[in-house]
Amino acid sequence: MENDIIIVDQISKTFPNGVQALCDFSIHVRRREVLVVIGPSGSGKSTFLRCLNGLEDIDSGSIVIDGIPLDEDKRNRLEIRKGAG
């Protein structure tokens, strides 16, 4: 897993209105790999990307980007955003 730049492990996100956008979603993205996120409206694409950027808090699971865990520590979120494109 040393070539993984993004590690998403069993993340879940449910909104206050009860809509579950993500349920135990996992993915590993390697360096230099191109990933396309596609799916029907309401399938969780935007929520997933917002979680990756720390704009939405996840309910469970973990996200690690370039070895930096995306957690409650706001400093990690800022560091990740500096290098995200």
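When each of the peptides 58-68, 8-18 is scored by how many other beta carbons lie within 10 Å of its residues on average, the order from highest to lowest is 58-68, 8-18.
The fewest-to-most ranking of GLU2, GLU79 by surrounding Cβ atoms within 10 Å reads GLU2, GLU79.
Among VAL19, VAL34, a tally of other beta-carbon atoms within 10 Å of each Cβ gives an order, fewest to most, of VAL34, VAL19.
Any read-out appearing in this document is the output of simple, stated calculations on the displayed coordinates, not a laboratory observation. No experiment lies behind these values; they were computed from the predicted model shown. All Cβ positions, even for glycine, are placed from backbone atoms using ideal geometry, and neighbour counts span all protein chains on display.
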